[in-house]
Amino acid sequence: MSITTLKINGQDVVTESGKTVLDAAKEAGVAIPTLCHLEGVSEAAACRLCAVEVKGTPKLLPACVTPVSEGMEVETNTPKLQDYRRMIVELFFAEGNHVCSICVANGNCELQDVAIEVGMDHSRFSYRFPDRGVDLSHPMFGIDHNRCILCTRCVRVCDEVEGAHVWDVGNRGEACYIVSGMDQPWGEVSACTACGKCVDACPTGSIFRKGTTTGEKAGDRAKLEFLVNARDKQEWSR
Amino acid sequence: MDLVELKALAAAEQAKFKPVRVNCCTSTGCQAAQSLEITKNLAKAVKDRGLGDRVEVVGVGCMGFCGRGPLVQISTDDQLFEAVTPDQAAGIIASLDGGSTDAEVGDVNHPFFSRQFHIVRKNSGKINPDRIEDYIASGGYQALYKALFELSPDEVVTEITQSGLRGRGGGGFPTGVKWATVAKMPEGQKYVICNGDEGDPGAFMDRSVLESDPHLVLEGMAIAAYAVGADHGYIYVRAEYPLAIDRLNKAIKQAKKYGILGSQIFDSPFDFKIDIRIGAGAFVCGEETALIHSIEGKRGNPRTRPPYPAQDGLMHCPTLINNVETYANIATIIEKGADWYSQIGTEGSKGTKIFALTGKIRNNGLIEVPMGITLREIVEEMGGGVPDGTIKAVQTGGPSGGCIPAHLLDTPVDYDSLTKVGSMMGSGGMVVMDQTTSMVEVAQFYMDFCREESCGKCIPCRAGTVQLHSMLTRLLAREATAADLETMAALCAMVKEMSLCGLGMTAPNPVLSTLNYFRSEYEELLQPMPARLQNSAVTAS
Ligand SMILES: Cc1cc2nc3c(=O)[nH]c(=O)nc-3n(C[C@H](O)[C@H](O)[C@H](O)COP(=O)(O)O)c2cc1C
Ligand code: SF4
Ligand code: SF4
Ligand code: SF4
Ligand code: FES
Ligand code: FES
């Protein structure tokens with residue numbers, strides 16, 4: 001095994017050559033925020049949160065795809081990076097509809113975690129309030145596109161780990177959305193094995209297991225009627 | 001075919017030329033103004049007057065002065081007729097035979113023409129792009145022959161490196177360095193790609209080259225393939241360019257027939273075939289990694305670089321990708337040598353560049369000028385200035401570039417000077433703006449374009465351009481505050497530094513450059529501060 005030595009935030013780090021800056025930072029106990037990165041699948045380098053400063057390079061480099069090199073000096077948390085990361089998280093929140101208090105992922109959401117990490121308490125950008133729709137056609141799962149951050153983790157995990165390639169990205173720019181099958185309802189995609197890997201991969205409350213959503217609380221109204229009726233008329237069977 | 005035969009063919013074809021050639025532009029611009037009918041009428045008039053033995057009518061490519069088209073030019077005395085109509089055709093032919101014509105006569109000594117220097121457009125408007133024989137008659141394919149038989153691949157790369165040629169697709173990357181990188185990759189399958197996506201709004205330089213002289217591009221690609229060790233090339237053209245696609249198809253077929261493309265070119269061991277791929281017109285598909293994905297049949301999304309296509313490109317093979325205009329320079333460099341080429345232009349930017357000159361200006365059209373010419377010379381002398389009023393700014397580089405204010409018109413046109421004033425060379429759009437133009441509206445126009453064209457893969461570009469556009473819109477509606485202006489500038493910086501590909505990295509440029517040079521226009525649009533706060537603001541400062 002050949003090794004590479006580098007500096008991360010002034011700390012000397014030794015790691016296996018060929019690893020990424022993100023891996024090396026993790027080994028050294030330095031946390032770098034990420035969203036599109038998922039252990040075990042290819043990288044998209046799309047969320048840009050993991051950008052770091054490298055001495056001698058004018059550009060900011062995404063740690064998840066930048067290989068370590070000998071003598072590299074990396075800074076992961078400069079004021080500029082903090083500022084930019086916060087802006088990115090603001091953009092994520094402004095572009096979708098994130099109402100955490102009624103979300104299946106509340107308390108379990110990587111977007112939420114990152115927001116807390118970078119200190120994003122409000123957005124300076126105007127909320128877009130998109131109407132992207134919810135697909136509940138699958139018998140076991142659902143997808144709420146309004147909470148999707150287009151990280152494509154579901155796309156990659158389904159293609160690369162499950163081998164089913166149910167998901168892909170449709171359209172472009174702000175109109176981008178995750179399509180199932182040939183842009184048909186998820187429940188009609190015969191390639192889906194219902195393995196649940198995309199549910200586990202999704203960092204937000206976008207893809208979820210049915211039965212866990214707040215909106216699915218169904219009150220048993222007939223029971224109330226029955227009880228009232230029973231007390232009034234002493235009819236105790238339903 | 002060998003060189004003797006190629007030269008003999010060229011001479012024979014030239015001998016077939018009639019003494020007087022009446023050239024009529026049949027490119028997209030003039031076709032839209034009935035130039036095909038004019039060509040037909042001209043030919044008929046020649047026949048009617050019995051001039052067929054000494055006069056021929058040739059449908060040629062773009063002559064550049066498209067704003068005054070359709071254009072007809074007489075080869076013997078360079079006489080140029082502008083804005084010709086189909087019924088003026090007979091008169092023009094009559095004027096060759098003692099008669100007279102009421103067609104408008106253009107001034108070929110006008111700076112618009114005389115300040116140009118033609119390398120890429122050397123045959124444009126002079127030869128029939130549908131006939132390979134016309135191209136061969138003008139010396140075509142002799143540079144390819146020279147490369148194959150007189151130079152080693154290394155020597156070709158060296159020649160291109162020494163010429164100082166830089167990529168004409170916008171970035172200005174040294175072409176020789178790119179070729180050397182691909183050439184040095186281990187032997188095996190390699191590809192050559194010609195980028196003809198040309199997505200900048202208002203730009204039509206590459207279209208004009210492809211329509212007017214397709215063989216020049218094919219020859220450049222073949223020389224490149226020989227130099228880097230590739231045997232397969234692709235030309236990626238957008239579907240909006242049907243005439244260019246048609247002419248390329250014809251050109252490839254004809255070149256194959258003569259043994260100039262295909263296997264054992266000129267009976268040498270060198271094989272090279274070219275396929276055309278048609279793009280659906282997404283701007284981002286001009287970005288090299290997105291273009292490669294598109295050719296592979298995948299979604300046209302860019303990916304992070306490195307690895308660069310030179311190392312890991314089409315089908316993961318080493319791939320050379322250059323712009324149309326870049327390839328169109330190659331044959332001349334090989335023919336005349338790097339020393340000749342590097343005398344043209346400036347220290348850091350060699351050769352010529354084609355611009356599409358448009359906007360508030362008298363003379364619209366395509367111009368090929370030597371690098372180093374100043375913006376003032378282009379706009380005031382060649383372009384004839386603003387029709388009424390005064391010039392305010394010149395926009396170069398399209399949605400990735402910026403607005404250069406009038407007081408900087410003496411800036412020389414070269415890669416580094418344009419970058420220094422906050423714009424860029426880009427692919428060759430040049431829009432002139434007068435005092436009536438609102439710079440904030442200009443910024444909004446380009447931001448709208450970028451927002452539309454963002455692929456949506458990375459968040460800074462996907463959502464950042466949307467927010468910037470909405471801030472500019474609010475500003476124009478006088479609903480923005482000074483704090484919004486600050487936020488906008490901060491967002492611009494973030495999008496520029498954090499985006500994944502060149503689209504996002506350059507999208508804020510039109511805002512940043514107008515904010516830099518025309519800040520007062522932004523400030524005038526700010527919401528007035530409520531009167532009760534005005535006093536406290538003064539005391540606070
Ligand atoms: C958003 C975007 C659009 C681009 N569009 C084009 C284009 O239409 N034509 C082109 O030649 N290069 C375009 N480029 C540049 C290419 O990525 C690439 O640099 C170029 O084709 C290389 O050729 P050159 O070195 O000859 O300039 C574009 C780049 C970006 C980021
Ligand atoms: S996905 Fe996360 S950030 Fe969005 S609403 Fe749900 S918990 Fe909140
Ligand atoms: S559905 Fe979830 S995993 Fe898929 S792109 Fe959206 S946020 Fe990412
Ligand atoms: S910068 Fe824009 S076009 Fe480029 S990858 Fe990001 S979203 Fe796509
Ligand atoms: S984790 Fe690196 S770009 Fe998203
Ligand atoms: S299109 Fe006819 S002169 Fe340009």
Condition check for residue B:427: open to solvent by 10 Å² or more (accessible area, probe 1.4 Å), at pLDDT 95 or above and over 30 Å from residue A:130 (Cα atoms): no
Boolean, residue B:409 is aliphatic (A, V, I, L, M) and in contact with a strand residue (DSSP E or B) (Cβ under 6 Å, 6 or more places away or on another chain): no
Residue that is out of contact with any helix residue (DSSP H, G or I) (no Cβ under 9 Å at 6 or more places or on another chain), modelled with pLDDT under 95 and surrounded by 12 or more Cβ atoms within 10 Å (Cβ to Cβ), where the choices are B:539, B:481: B:481
Filter result (assigned to a loop (DSSP other than H, G, I, E, B) and either surrounded by fewer than 21 Cβ atoms within 10 Å (Cβ to Cβ) or not assigned by TED's automatic domain parsing to the domain that holds residue B:284 (or both)) within the range B:149-166: B:151, B:152
Top-ranked residue in the range A:55-70 [being in contact with a helix residue (DSSP H, G or I) (Cβ under 8 Å, 6 or more places away or on another chain) and under 17 Å from residue A:9 (Cβ atoms); ranked as farthest from the other protein chains (Cβ to nearest Cβ)]: A:68
Subset of the range B:343-373 [open to solvent by 30 Å² or more (accessible area, probe 1.4 Å) and touching a strand residue (DSSP E or B) at 6+ places or on another chain (Cβ under 6 Å)]: B:345, B:358, B:359, B:360, B:364, B:370
Residues that are hydrophobic (A, V, I, L, M, F, W, C) and either within 15 Å of residue B:95 (Cα to Cα) or surrounded by fewer than 24 Cβ atoms within 10 Å (Cβ to Cβ) (or both), drawn from the range B:37-64: B:42, B:43, B:45, B:46, B:51, B:55, B:57, B:58
Condition met for residue A:45 (within 24 Å of the chain's Cα centre (by Cα) and away from chain B (no Cβ under 14 Å)): no
Candidate set from the range B:282-332 (those that are aromatic (Phe, Trp, Tyr) and part of a helix (DSSP H, G or I)); member that is farthest from ligand 4 (Cβ to nearest atom): B:327
Qualifying residues in the range A:152-202 (those that are farther than 27 Å from residue B:452 by Cα and within 14 Å of chain B (Cβ to nearest Cβ)) - the one least open to solvent (accessible area, probe 1.4 Å): A:159
Selection status of residue B:494, buried (at least 17 other Cβ atoms within 10 Å of the Cβ), free of Cβ contacts under 8 Å to residues at least 60 places away in the same chain and farther than 21 Å from residue A:175 by Cβ: yes
Boolean, residue B:456 is at the interface with chain A (Cβ under 7 Å from one of its Cβ atoms) and either in a helix (DSSP H, G or I) or over 32 Å from the mean Cα position of the chain (by Cα) (or both): no
Yes/no for residue B:520 being of a type in the set (Gly, Ala, Ser), buried (at least 18 other Cβ atoms within 10 Å of the Cβ), in a helix (DSSP H, G or I) and away from chain A (no Cβ under 14 Å): no
Per-region count, the range A:142-175, residues in contact with a helix residue (DSSP H, G or I) (Cβ under 7 Å, 6 or more places away or on another chain) and either small (Gly, Ala, Ser) or at negative phi (or both): 15
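Could you run through the range B:420-453 and say how many residues are within 14 Å of chain A (Cβ to nearest Cβ) and acidic (Asp, Glu)?
Result for the range B:420-453: 3.
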Exclusive hit being away from ligand 3 (no atom under 16 Å from the Cβ) and surrounded by 17 or more Cβ atoms within 10 Å (Cβ to Cβ), set A:49, A:81: A:81
Unmet requirement for residue A:123, which otherwise passes all of (1) surrounded by fewer than 21 Cβ atoms within 10 Å (Cβ to Cβ); (2) of a type in the set (Gly, Ala, Ser); (3) more than 12 Å from every other protein chain (Cβ to nearest Cβ): (3)
Residue in the range B:255-287 that is farthest from the other protein chains (Cβ to nearest Cβ), counting only those that are among the basic types (Lys, Arg) and closer than 22 Å to residue B:133 by Cα: B:257
Every residue from the range A:71-126 that is under 17 Å from residue A:47 (Cα atoms), of a type in the set (A, V, I, L, M, F, W, C) and more than 11 Å from ligand 2 (Cβ to nearest atom): A:81, A:87, A:88, A:91, A:94, A:118
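Yes or no, residue by residue, for (1) of a type in the set (Asp, Glu); (2) in contact with a Gly (Cβ under 6 Å, 6 or more places away or on another chain); (3) outside the structural domain of residue B:184 (by TED's automatic domain parsing):
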| residue | (1), (2), (3) |
| --- | --- |
| B:255 | no, no, no |
| B:268 | no, no, no |
| B:274 | no, yes, no |
| B:289 | no, no, no |
| B:293 | no, yes, no |
| B:296 | yes, no, no |
| B:300 | no, no, no |
| B:312 | yes, no, no |
| B:315 | no, no, no |
Residue satisfying condition, being touching a Cys at 6+ places or on another chain (Cβ under 7 Å), outside the structural domain of residue A:41 (by TED's automatic domain parsing) and more than 16 Å from ligand 5 (Cβ to nearest atom), within set A:145, A:165: A:165
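A quick yes/no check of all residues on (1) surrounded by 14 or more Cβ atoms within 10 Å (Cβ to Cβ); (2) in a helix (DSSP H, G or I); (3) touching a strand residue (DSSP E or B) at 6+ places or on another chain (Cβ under 6 Å):
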position: A:37; (1), (2), (3): yes, no, no
position: A:90; (1), (2), (3): yes, yes, no
position: A:107; (1), (2), (3): no, no, no
position: A:111; (1), (2), (3): yes, yes, no
position: A:116; (1), (2), (3): no, yes, no
Residue identified as more than 16 Å from ligand 2 (Cβ to nearest atom) and under 28 Å from the mean Cα position of the chain (by Cα) among B:112, B:149: B:112
Count of residues meeting criterion [surrounded by fewer than 24 Cβ atoms within 10 Å (Cβ to Cβ) and within 16 Å of ligand 1 (Cβ to nearest atom)] in the range B:430-467: 6
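Check whether at least one residue in the range A:4-12 is touching a Leu at 6+ places or on another chain (Cβ under 6 Å) and away from ligand 4 (no atom under 16 Å from the Cβ), and report yes or no. Break it down stepwise before answering.
At the first step, the residues of the range A:4-12 found to be touching a Leu at 6+ places or on another chain (Cβ under 6 Å) are none.
Looking through the range A:4-12, none of the residues is touching a Leu at 6+ places or on another chain (Cβ under 6 Å) and away from ligand 4 (no atom under 16 Å from the Cβ).
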Hey, residue B:240 more than 18 Å from residue B:135 (Cα to Cα), out of contact with any Ser or Thr (no Cβ under 9 Å at 6 or more places or on another chain), acidic (Asp, Glu) and not in a strand (DSSP E or B) or not: yes
Residue in the range A:59-69 that is in the same structural domain as residue A:202 (by TED's automatic domain parsing), within 16 Å of ligand 4 (Cβ to nearest atom) and not in a loop (DSSP other than H, G, I, E, B) present: no
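The values are calculated or read from the model by the stated rules, or taken from the named source; none is laboratory data. In this text, all values refer to a predicted model and were calculated from it rather than measured experimentally. All Cβ positions, glycine included, derive from the backbone under ideal geometry; neighbour counts span all protein chains shown. Areas reflect the complete protein model, heavy atoms only, side chains present, ligands, DNA and RNA absent. Shrake-Rupley method; radii C 1.70, N 1.55, O 1.52, S 1.80 Å.
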